[in-house]
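Undergrad: Got a structure for you, written out below as structure tokens; questions coming shortly.
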Number of protein chains: 2
Amino acid sequence: MNFTASQALFRRAAAVIPGGIYGHTTPAATVPGAVPYFAAEGFGCRYRDVDGNTFIDFMGGYGPMVLGYRHPEVEAAADAARARGAAFNQPTPLLVELAEKLVGRVDFADWAVFAKNGADLTTWAVMVAREVTRRPKILKIAGAYHGTHAWCTPGHGGLIPEDRAHLHEFPFNDVAALEALFARHRGQVAGLILTPFHHPAFADSVLPSPGFVAACNRLCREHGALQILDDVRCGFRLTTNGSHTLYGYAPDLAVYCKALANGHPISAAAGRAAHQVAASRVFLTGSYWNDPAPMAAALATLDIVERDRVPERLERTGSRFVEGFLALGERRGLPLVASGPAAMPYLRVKDDPSFLRTQRLCAAAVAEGVFLHPHHNWFISAAMTDADIDDALHRLDRALVAAGGRA
Amino acid sequence: MNFTASQALFRRAAAVIPGGIYGHTTPAATVPGAVPYFAAEGFGCRYRDVDGNTFIDFMGGYGPMVLGYRHPEVEAAADAARARGAAFNQPTPLLVELAEKLVGRVDFADWAVFAKNGADLTTWAVMVAREVTRRPKILKIAGAYHGTHAWCTPGHGGLIPEDRAHLHEFPFNDVAALEALFARHRGQVAGLILTPFHHPAFADSVLPSPGFVAACNRLCREHGALQILDDVRCGFRLTTNGSHTLYGYAPDLAVYCKALANGHPISAAAGRAAHQVAASRVFLTGSYWNDPAPMAAALATLDIVERDRVPERLERTGSRFVEGFLALGERRGLPLVASGPAAMPYLRVKDDPSFLRTQRLCAAAVAEGVFLHPHHNWFISAAMTDADIDDALHRLDRALVAAGGRA
């Protein structure tokens, strides 16, 4: 497998783009030189890079492709909308239908709004919490990702101290630390922003303890703070109706994005009636937000996720994959550690604090035609059949040997 | 003309969406009750609402539809890209081609990045200016719109004082005020963010004076501050190569969006080689940003804008419209005031500080099948022929009478 065309394109890119490829898909976050840098075509759970290499895809565009690339029903719905035009002076009826669909689907939701990026709405939710409470402070899980806006970016460039003057972090699952923050900032906390489980980069995923979820619910209630669930990565992937139902969170606001429209650009926030008027006071808009095609795609995707019981399917497919990969690791004397829900698993080599052996394994997986990321959770796709998983495991067995396992 | 279906949909919307319709397309910003609230279909320079009313469209989705709805070449390019997939794990070669295209087109640009919303990149440009200069302060035209992020939103909800601790406003074209701000904050100004001309809502547009442009260029240079041109609304509409060339600005960073891809969701920022490394340190990303279809649409749109000399066409078409409408106003004894470039004109009734007569005129225009906005600049489309303009003027002549002009 060679990446000649990827590398040539990257040299061109580096001349005209800061960093060549920026953001979460930068090759620097994976295993530089051992992975494709540019994609050409996707189909189902596979994609082809610009060198003609084909991969079974365990990243799905870092989440959006929950049903697989080019899903015929989703594309037909989007095409039908697009054939009538885009970016109108007014929304189309699809806006209302989609809001009604979300309100019908998500138990606590009385209303919804839509944008393009997850961060459009995590940031807006923070502002709504401030508007509702007339308080400034936001509590956030240390290491949790909510976008690249100044208040939450994992980057270091371009920040000033005021960006985070009222942001306070605590370790995930640490009830005492969370209680201490609420106590220290009594009467000043507008909101607590959470991901359903902790899925930081460069670390194992961590599921919430029941005590932590209960404490989040209790402390928000006692202190009159809004609970904001950043369900951007997990939403409609772990359950059909929002990830809070899986773990028992009681959110006031939730933000959805990646699995909402199978790759079409749309994000959503949902909230409670008590905050609807305050939410209407936090101005929110963007140039392309009336575009009906992503709304049509979201309606289709939400229907398919429910009709085909996609979360159950992802859990079952993911379990087959995770259990199979763990067993292969044992057999090849390269034991692996799995974390996160089976639908969004993350596996790494055991006893590998530097991630060097995990990087080596992921590079070997790529060389065998399986795209895995060494530092970011993976995404099971509903397009994956048992045969696809077995194909992937067969390839990963060879990758384990190539990465230092027993032949 | 009735809006029964629009009104029925709005009642449904109000139940499940804060404000019913939020953002810049809220009917509250136009003439509530006298305009369509929901669109159904667009074609060329016309669109149809959900009640079956058809309008000659002078808003173009508030800017994006520079070539008109459903432009066959743009849609073909986007469709061809979409047929190969979306939201990949890596960018496609279109990312590099589009960056190269912009760098070739915009004289000062050595690099480019792409996002979804204009505000993704006006905000990022502010962060880049802070990263380059290691200074906090941003100077901004009072009343200029740069998006709905906390540092710049025209809204009032959800803000805390820290959001604008280092934002300082000055009146457009006021050289003395700008000089005073630079002097007062000497050594602290990271950037000056400008729109090419001043196009505030609820006011006439104002073109920049040559002295103001020269002062912006000189003061940024003398004080080592970056000049950020927010060309979101004007870019590739007034000229083929960025609006700074029309007025003489010397930007360090420019942001493009609305006319970039004829309605497909993409925005761009361009900058100078001297800032490329610093820009790479300001983390920037979003879930759907590798989607190739909007990049294909942007490449097609940029080519068409140049090939068909679209800015010249918009200027000529706009002049025919503005001159015709002004003459009709005189003839009907309802004199109008025009402002802004002919490609993005804004007309209102003379001596109308409350805008009530302008609202009445725009409502009458809508009733005659011409969509005009009483409080926001308009957008000429390249899909408009002389016959379309004459059709619009014929209708507007009736609207002037209906709005109180001489019969």
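Undergrad: Which residue out of A:ILE56, A:ILE160, A:ILE138 is without any contact (Cβ under 8 Å) to a residue 40 or more places away in the chain and among the aliphatic types (A, V, I, L, M)?
TA: Numbers: A:ILE56 fails: without any contact (Cβ under 8 Å) to a residue 40 or more places away in the chain; A:ILE138 fails: without any contact (Cβ under 8 Å) to a residue 40 or more places away in the chain.
From the options A:ILE56, A:ILE160, A:ILE138, the qualifying one is A:ILE160.
Undergrad: Would you confirm whether any residue within region B:65-77 is basic (Lys, Arg) and without any contact (Cβ under 8 Å) to a residue 60 or more places away in the chain? Quick ask: steps written out before the conclusion?
TA: To start, the set of residues in region B:65-77 that are basic (Lys, Arg) comprises B:70.
Still in the list and also without any contact (Cβ under 8 Å) to a residue 60 or more places away in the chain: B:70.
There is at least one residue in region B:65-77 that is basic (Lys, Arg) and without any contact (Cβ under 8 Å) to a residue 60 or more places away in the chain.
Undergrad: Take region B:350-407 and flag every residue that is outside any helix (DSSP H, G or I) and more than 30 Å from B:PRO311 (Cβ to Cβ).
TA: B:ASP351, B:ASP352, B:PRO353, B:SER354, B:ALA403, B:GLY404, B:GLY405, B:ARG406, B:ALA407, listed by residue number.
Yes or no, residue by residue, for (1) touching a helix residue (DSSP H, G or I) at 6+ places or on another chain (Cβ under 6 Å); (2) of a type outside the set (Ser, Thr, Tyr); (3) on the phi > 0 side of the Ramachandran plot:
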residue	(1), (2), (3)
A:VAL16	yes, yes, no
A:GLY19	yes, yes, yes
A:GLY44	no, yes, yes
A:MET59	no, yes, no
A:PRO72	no, yes, no
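Undergrad: Considering A:VAL74, A:VAL96, A:VAL50, A:VAL16, which residue is within 21 Å of the chain's Cα centre (by Cα) and either surrounded by fewer than 24 Cβ atoms within 10 Å (Cβ to Cβ) or not acidic (Asp, Glu) (or both)?
TA: On the way: A:VAL96 fails: within 21 Å of the chain's Cα centre (by Cα); A:VAL50 fails: within 21 Å of the chain's Cα centre (by Cα); A:VAL16 fails: within 21 Å of the chain's Cα centre (by Cα).
None of the other options fit; the residue is A:VAL74.
Undergrad: Taking A:PHE38 and the conditions (1) touching a residue at least 12 places away in the same chain (Cβ under 8 Å); (2) out of contact with any Leu (no Cβ under 6 Å at 6 or more places or on another chain), which numbered condition does it fall short on, given that it satisfies the others?
TA: It fails just one condition, (2).
Undergrad: Checking the structure you have, find out if any residue of region A:122-132 is modelled with pLDDT of 95 or more and at positive phi. Outline the logic, then answer.
TA: Initially, region A:122-132 is screened for residues modelled with pLDDT of 95 or more, giving A:122-132.
Remaining after also requiring at positive phi: none.
No, the conditions are met nowhere in region A:122-132.
Undergrad: Same structure again: Return the residue satisfying two criteria in turn: it lies in region B:213-242 and is of a type in the set (Asp, Glu) and not in a loop (DSSP other than H, G, I, E, B), and of such residues it is nearest to the chain's Cα centre (by Cα). I'd like the intermediate steps shown before the answer.
TA: Our first condition is that a residue be of a type in the set (Asp, Glu); within region B:213-242, this holds for B:222, B:230-231.
Among the residues that remain, those that are also not in a loop (DSSP other than H, G, I, E, B) are: B:222, B:230.
On the way: B:GLU222: 30, B:ASP230: 9 Å.
If we take residues in region B:213-242 being of a type in the set (Asp, Glu) and not in a loop (DSSP other than H, G, I, E, B), then B:ASP230 is nearest to the chain's Cα centre (by Cα).
Undergrad: I've got another one for you. Condition first: facing another protein chain (nearest Cβ under 10 Å) and modelled with pLDDT of 95 or more. Can you find one or more residues in region A:214-230 that meet it? Even if it seems obvious, please write down each step before you answer.
TA: Taking region A:214-230 first, the residues facing another protein chain (nearest Cβ under 10 Å) are none.
The answer is no; no qualifying residue exists.
Undergrad: For region A:179-227, which positions are among the basic types (Lys, Arg) and touching a strand residue (DSSP E or B) at 6+ places or on another chain (Cβ under 9 Å)?
TA: Taking region A:179-227 and keeping what is among the basic types (Lys, Arg), we get A:184, A:186, A:218, A:221.
Once the filter is applied, which keeps residues that are among the basic types (Lys, Arg) and touching a strand residue (DSSP E or B) at 6+ places or on another chain (Cβ under 9 Å), region A:179-227 yields A:ARG184, A:ARG221.
Quick grid of which residues meet (1) buried (at least 21 other Cβ atoms within 10 Å of the Cβ); (2) touching a residue at least 24 places away in the same chain (Cβ under 8 Å):
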{"residue": "B:PHE325", "(1), (2)": "yes, yes"}
{"residue": "B:GLU330", "(1), (2)": "no, no"}
{"residue": "B:ALA342", "(1), (2)": "no, yes"}
{"residue": "B:ASP352", "(1), (2)": "no, no"}
{"residue": "B:LEU356", "(1), (2)": "no, no"}
{"residue": "B:ALA364", "(1), (2)": "yes, yes"}
{"residue": "B:HIS375", "(1), (2)": "no, yes"}
{"residue": "B:ILE380", "(1), (2)": "yes, yes"}
{"residue": "B:ALA387", "(1), (2)": "no, no"}
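Undergrad: Tally time: how many residues in region A:243-301 are assigned to a loop (DSSP other than H, G, I, E, B), under 20 Å from A:PHE108 (Cβ atoms) and of a type in the set (S, T, N, Q)?
TA: 1
Undergrad: Find the residue count for region B:259-291, including only residues that are more than 22 Å from A:PHE88 (Cα to Cα), of a type outside the set (Lys, Arg) and either facing another protein chain (nearest Cβ under 10 Å) or crowded, with 24+ Cβ neighbours inside 10 Å (or both). Let's see the steps before the verdict.
TA: The first filter runs over region B:259-291 and keeps only residues more than 22 Å from A:PHE88 (Cα to Cα), leaving B:269-287, B:290.
If we keep only those that are of a type outside the set (Lys, Arg) too, we end up with B:269-271, B:273-280, B:282-287, B:290.
Adding the requirement that they be either facing another protein chain (nearest Cβ under 10 Å) or crowded, with 24+ Cβ neighbours inside 10 Å (or both) leaves B:269-271, B:273, B:275-280, B:282-287, B:290.
So the answer is 17.
Undergrad: Would you mention how many residues in region A:208-231 are surrounded by 15 or more Cβ atoms within 10 Å (Cβ to Cβ) and either over 16 Å from A:LYS140 (Cα atoms) or not assigned by TED's automatic domain parsing to the domain that holds A:ALA119 (or both)? Outline the logic, then answer.
TA: Here is the first cut: in region A:208-231, the residues surrounded by 15 or more Cβ atoms within 10 Å (Cβ to Cβ) are A:208, A:212-217, A:219-220, A:223, A:225-231.
If we keep only those that are either over 16 Å from A:LYS140 (Cα atoms) or not assigned by TED's automatic domain parsing to the domain that holds A:ALA119 (or both) as well, we get A:214.
Counting residues in region A:208-231 that are surrounded by 15 or more Cβ atoms within 10 Å (Cβ to Cβ) and either over 16 Å from A:LYS140 (Cα atoms) or not assigned by TED's automatic domain parsing to the domain that holds A:ALA119 (or both) gives 1.
Undergrad: Just to be sure I understand the filter: pairs with C-beta atoms under 6 Å, separated by 6 or more residues or on different chains, first member in region A:172-191 and of a type in the set (A, V, I, L, M, F, W, C), second member part of a loop (DSSP other than H, G, I, E, B). Which pairs pass?
TA: These pairs meet every condition: A:ALA177/A:PRO171; A:VAL189/A:ALA225; A:ALA190/A:ARG135.
Undergrad: B:ALA274: modelled with pLDDT of 95 or more and more than 24 Å from the chain's Cα centre (by Cα), yes or no?
TA: On the way: modelled with pLDDT of 95 or more: yes; more than 24 Å from the chain's Cα centre (by Cα): yes.
In short, yes.
Undergrad: What are the residues in region B:1-46 that are in contact with a strand residue (DSSP E or B) (Cβ under 7 Å, 6 or more places away or on another chain) and under 27 Å from B:GLY155 (Cβ atoms), if any?
TA: Quick first cut of region B:1-46, residues in contact with a strand residue (DSSP E or B) (Cβ under 7 Å, 6 or more places away or on another chain) only: B:6, B:16-18, B:22, B:36, B:38-46.
Passing the criteria: B:SER6, B:VAL16, B:ILE17, B:PRO18, B:TYR22, B:PRO36, B:PHE38, B:ALA39.
The values are calculated or read from the model by the stated rules, or taken from the named source; none is laboratory data. Treat the numbers as computed from the prediction; the structure is a model and nothing was measured. Every residue, glycine as well, gets a Cβ built from its backbone with ideal geometry; the counts of neighbours run over all protein chains shown.
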